[in-house]
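Throughout, read-outs are computed from the coordinates displayed, never taken from laboratory work. Owing to the predicted nature of the structure, the values given are computational and were not obtained by experimental measurement. Virtual Cβ from ideal backbone geometry, glycine too; neighbours counted across all protein chains shown.
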Amino acid sequence: MIKIHLGDQSDAKILLGTYICTDVPGEFHWVSGAMTQAVTEGRWILIEDIDMASTEVLSVLIPLLEKRQLFIPGRGEVIDAAEGFQIFATQTLHSHGHGAKNSKP
């Protein structure tokens, strides 16, 4: 299982991947992100605090949830989810005040 904790500063690169510099000037190498790895390898992925995800991150997840396809814009690539791939997500629940859950007026 791959685990990702999202925050308000998380971007799609965490999920999809990015190009990084190599030792050769002007040469770049693609490094897959956590979601790309999970989709390709048919692994489970746990996204913690999905309610904190940016619109950019959610736009990556929607096609995956609807069609089981991951689109990587920077590469013009569409990856079909491998057998066994699953997404699990949690959200943070914020309470407003102490004992608000069980208090009565």
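Summing charges over neighbours of Leu16, with a neighbour being any other residue whose Cβ is under 13 Å away from its Cβ, gives -1 when K and R count +1 and D and E count -1. Taking a sphere under 11 Å around the Cβ of Ile4 and counting the other residues whose Cβ falls inside, with K and R at +1 and D and E at -1, yields a net charge of -1.
At R0 = 22 Å, how high is the FRET efficiency between Ile20 and Phe71 if r is their beta carbon distance? Nearest 0.05 is fine. Calculated transfer efficiency: 0.60. In the chain, the C-alpha radius of gyration followed by the widest Cα-Cα span (Dmax) gives 17.4, 69 angstrom.
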